[in-house]
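Notes follow once the structure below has been shown.
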Amino acid sequence: MNSDNSQIIIEDLAHIWHPCTQMKDHETLPLIPISRGEGVYLYDFDDKSYIDAISSWWVNIFGHVNPHISNRIKEQLESLEHVLLAGFTHKPAVDLAKKLVEITPKGLDKLFFADNGSSAVEVALKMSFHYHKNRGESRPLFLSLSNSYHGETIGALSVGDVELYKETYAPLLISCIQTPVPKEQTKESAEEAIVELEKILEERGEEISAFIIEPLVQGAGYMHMYHPIYITLAKRACEKHGVHLIADEIMVGFGRTGTMFACEQADITPDFMTLSKGLTGGYLPLAVVMTTDEVYSAFYCDYGEHKAFLHSHSYTGNPLACASALATLELFEASDVIGENRKKSSYILEKVEKFKSLPNVKEVRQTGMITAIELRGYEPEERIGLKVYQYGLDNGVLLRPLGHIIYFMPPYIISNEQIDKMIDTAYDAIVRL
């Protein structure tokens, strides 16, 4: 390790508290200082390259330092870097809003800006509760799927169900109950789970503001996957009881599941759709909440009626972030990204077939450009994910397993040769466990 790497590590550990990290691990597990990125690769100060197999927490969908996105941000920087969005507006925000209304499911005609995924979830929850309040209803309860994850701010944490994240903060959380997620990706599992959902809605529907789901894939919930028919039937059940459906597409949106948005596979329009991560191609923090004219109209009133939605962020609708989002969407328009993704996901599925013969592999599953390898026979204290992570770094691939789940969520620009390297490295790591 050269002196640049070493000095950065020393100064980092003196001051920075890293996310989702037990900092004591870094007494033995070195940090990796990154000097630059290009395409699917990250480079450290020794110029060692790492294939970013997880799109840097699922955001860099078109790779690092994409020329088109970079240039659009540079152009925007020359005219306007930021302005408040209360009483003011600007063209990047307007253009982005128009484009998102055009490409999201029909009926999502209004957009509220936030600056990260957890904040977008908070906005959707507050909007739903406030909508019912404005209509004279008290619905203090939210419903979510078992094994779900929606972020780490208090409201978002409340509607999640991954104990690792929320157990410590249980006394602080808002009221939420869970309904079982479908056990498998089969249609039969989805239909079984709907029966349980309908029971809860029948018993407590009048108390519930909204049902929030991660469509098709539960990200931090160990990449659990389920059939789209569940979403179709869930929307129908929610409508019957006046309960909003919030589709949290923060991870799965923008082509990750084989369609632009996961909800398309269920042929439904949710009442709210939260979007972030891939929205800006991984360049800048930005999130949006898409909703309907019906929801918007419940807040439209004369001053003094206390129905307005009073929620804000200082960087709401930031022009630079909006410019990066517009550039990202232009890349989808410039070529058949979704079609190419389907070819690559088929190639990945073919390549991971060999994992099924390993005795420590329980299951291989895939939805679009998300592929997961579930291991078995290990206890949490063995920290097998950390071992796979370290082996990956040693061999030039950034893998960041979720416990016993090794997954691939690479940038869409990845080549077959790079896919081979990514998968073969993970395979070798699992063989060596």
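General observations
- Beta bridges per DSSP with both ends in region 142-230, % antiparallel, nearest 5: 20
- Restricting the calculation to Cα atoms, region 367-433 shows an Rg/Rh of 0.96 when the hydrodynamic-style radius is the Kirkwood one.
- Taking all pairs of distinct alpha-carbon atoms in region 1-85, Kirkwood radius in angstrom: 15.4
- Among the listed pairs Lys199/Lys362; Lys91/Lys344; Lys106/Lys277; Lys48/Lys387; Lys24/Lys166, those whose Cα-Cα separation exceeds 24 Å are Lys199/Lys362; Lys91/Lys344.
- Residues Asp394 and Leu349, FRET efficiency given R0 of 25 Å [Cβ-Cβ distance, rounded to 0.05]: 0.40
- The base-10 log of I(q)/I(0) for region 63-185, evaluated at q = 0.10, 0.14, 0.18, 0.20 Å⁻¹, reads -0.50, -0.88, -1.12, -1.19 [Debye formula, identical scatterers on Cα atoms, solvent excluded].
- Only the Cβ atoms of Lys and Arg (+1) and of Asp and Glu (-1) were treated as charged; on that basis the dipole of region 106-211 about its Cα centre amounts to roughly 480 debye.
- Considering only Leu100, Ala170, Leu125, the residue lying farthest towards the positive end of the dipole of region 85-199 is Leu100, judged by Cα position with unit charges set on Cβ.
- Residue range of the chain that is longest and free of trypsin sites (Lys or Arg not before Pro) which are both DSSP loop and sparsely packed (at most 12 other C-beta within 10 Å): 136-375
- Interchain or long-range residues, amide H under 5 Å from His224's placed H: Gln218
- Reducing region 1-37 and region 377-433 to their Cα centroids gives an inter-centroid distance of 20 Å.
- Relative contact order, percent, region 1-109 [alpha-carbon distance under 8 Å, six or more residues apart]: 17
- Check: region 1-141 dipole with +1 on Lys, Arg Cβ and -1 on Asp, Glu Cβ, in debye: 1100
- Rounded tilt (10° steps) of 319-334 against the dominant C-alpha axis of the chain: 70
- Dipole of the chain computed with +1 at Lys/Arg Cβ and -1 at Asp/Glu Cβ about the Cα centre; of Ile423, Pro285, Val364, farthest Cα towards the positive end is Val364.
- For the set Phe211, Phe299, the ranking by accessible area, highest first and with no ligand, DNA or RNA atoms included, is Phe299, Phe211 under a 1.4 Å probe.
- Considering only Val159, Val217, Val295, the Gaussian network model of the chain with Cα springs below 10 Å gives its largest mean-square fluctuation to Val295.
- Alpha carbon centroid spacing (whole Å) that separates region 205-244 from region 136-153: 11
- The chain: most fluctuating residue of Ala114, Ala298, Ala210 per GNM, C-alpha cutoff 10 Å: Ala298
- Crossing angle, helix 416-431 versus the chain [Cα axis fit, 0-90 degrees, rounded to tens]: 80
- Nearest-0.05 FRET efficiency for Asp109 and Leu386, computed from C-beta distance (R0 35 Å): 0.15
- Its relative contact order, with pairs defined as Cα atoms under 8 Å and 6+ residues apart, puts region 247-325 at 26 percent.
- Over the chain, DSSP H runs of length four or greater, each weighted -39,500 (n - 2.57), average out per residue to a 222 nm ellipticity of -11500 deg cm²/dmol.
- Considering only beta bridges that DSSP places wholly inside region 168-273, some 25 percent are antiparallel.
- Antiparallel DSSP beta bridges within the chain, as percent of all bridges there, nearest 5: 65
- Dipole magnitude (debye, nearest 20) for region 329-433, charges at Cβ of Lys, Arg, Asp, Glu: 300
- Between 0 and 90°, nearest 10: helix 229-240 axis offset from the chain longest Cα axis: 20
- Max mean-square fluctuation residue, GNM over the chain, Cα-Cα springs under 10 Å, options His150, His90, His227: His90
- Our estimate of slack between Ala170 and Thr89, defined as 0.36 nm per intervening residue step minus the Cα-Cα distance, is 25.2 nm.
- Pairwise Cα distances in the chain exceed 31 Å in 42 percent of cases.
The values are calculated or read from the model by the stated rules, or taken from the named source; none is laboratory data. Computed from a predicted structure; not experimentally measured. Cβ atoms come from the backbone with ideal geometry, glycine included; neighbour counts cover every protein chain shown. Heads up: the accessible areas ignore ligands, DNA and RNA and are worked out on the full protein's heavy atoms, side chains in. Shrake-Rupley method; radii C 1.70, N 1.55, O 1.52, S 1.80 Å.
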